[in-house]
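Here is the structure we will look at, set down as structure tokens.
The values are calculated or read from the model by the stated rules, or taken from the named source; none is laboratory data. All values reported here derive from a predicted model rather than from experimental measurement. Ideal geometry is used to build each Cβ from the backbone, glycine not excepted, and the neighbour counts take in all protein chains shown. These area figures cover heavy atoms from the full protein model, side chains too; ligands, DNA and RNA do not enter into them. Shrake-Rupley method; radii C 1.70, N 1.55, O 1.52, S 1.80 Å.
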Amino acid sequence: MRFVIITGMSGAGKSSVLKMLEDNGYFCVDNLPVPLILKFAELSNADEHRRKIALGIDIRSGSGLENMDAILEQMKEHGYEYEILFLDAGDDVLIKRFKETRRAHPLAQQGRVDEGIAEERKRLDFIRNNSDYIIDTSTLLIRDLRMKIEDIFVKNKKFKNLFVTVLSFGFKYGIPVDADLVFDVRFMPNPYYVEELKHKTGNEKEVQDYVMNSDVSREFIKKLDDMIRFLIPNYVKEGKNQLLIGIGCTGGKHRSVTVANELYQKLSKDENLGIKVAHRDILR
């Protein structure tokens, strides 16, 4: 039997994940009272037709959450293995989602949403610290979240401790507001001033060769790769599960795209990382 507990911050996507798991053959129950979890596990284990279980638990359980640790310990004592998925998102994202849906936060029915979120984080902190998987949905589209859920709970792929997005951009269009790290590569050779390269992009070999055919460019990539690899385990240790690295040049079409692709190629060799590359301003 695979027993998955889905929990996390209100507005982070728990209901959506339960629906995704249900679509993939899981028997799903949402907001079961915490004292009934052990009994539910016993009944599920005895039913040979229910081998994949997903149980939604959140702040609505109220004072029952205080007994969560004891219930989970009893689960272990009875030999019932379980996994915990914690769904999270930035406070600003959660506030925006509550405003858009016009729903009240469970802990702020008549008060401020940000105060309810702060209190919820405090109450759920012990569950987050004991979770097997933490997914930050702040920047995830529904299809991206579905892919992550299916990879972990359907295809049984190894969970990536950190998901890295390498994003190229143009400074003339503004720095990405959600970037964790930003690097300026405007010191590199600029293909814009070469007529036959001006209208090409960093996705094309001629531009890549021009940008990287420089000792400064090659040394920068080497040092950047080394620094990112130093930072990643320390970010993971602190509980960070998403990292957005911004690589910027003037227009976001040549140098930044080239460097973003180079860094992506180097980091993608690490099987413990989930990684993607994106080019924000390449078509401008």
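Descriptive notes on the structure:
- Note: segment 94-196, Cα convex hull, 210 Å³ per residue.
- For the chain, averaging the sequence separation of C-alpha pairs within contact (under 8 Å, six or more residues apart) and dividing by the residue count gives a relative contact order of 20 percent.
- Integer Hz, Karplus 6.51/-1.76/1.60 couplings in order for segment 83-95, x for Gly and Pro: 10, 10, 10, 10, 9, 10, 6, x, 4, 5, 5, 5, 4
- Alpha-carbon spread of segment 145-248, three principal axes, descending order, Å: 51, 27, 25
- Dipole-positive endmost among Ile149, Ile127, Phe169 within segment 124-172 (Cβ charges, Cα centre): Phe169
- Dipole of the chain, positive end: most advanced residue of Gly13, Val194, Thr139 [Cβ charges, Cα centre]: Val194
- C-alpha long axis of helix 142-153 to longest principal axis of the chain, angle in °: 60 degrees
- Contact order for segment 20-128, expressed relative to its length and based on alpha carbon pairs under 8 Å spaced 6+ residues apart, stands at 23 percent.
- The number of Lys pairs in segment 182-284 with C-alpha atoms less than 18 Å apart, excluding pairs fewer than 8 positions apart on the same chain, is 11.
- For segment 75-105 versus segment 239-284, the spacing of their alpha-carbon centroids is 28 Å.
- Under 16 Å from the Cα of Lys14 - lysines, other chains or at least 8 residues apart: Lys148
- Average accessible area per residue (Å²) across the chain - probe 1.4 Å, nucleic acids and ligands excluded: 54 Å²
- Principal-axis analysis of the Cα atoms of the chain puts helix 255-267 at an angle of about 50° to the longest axis.
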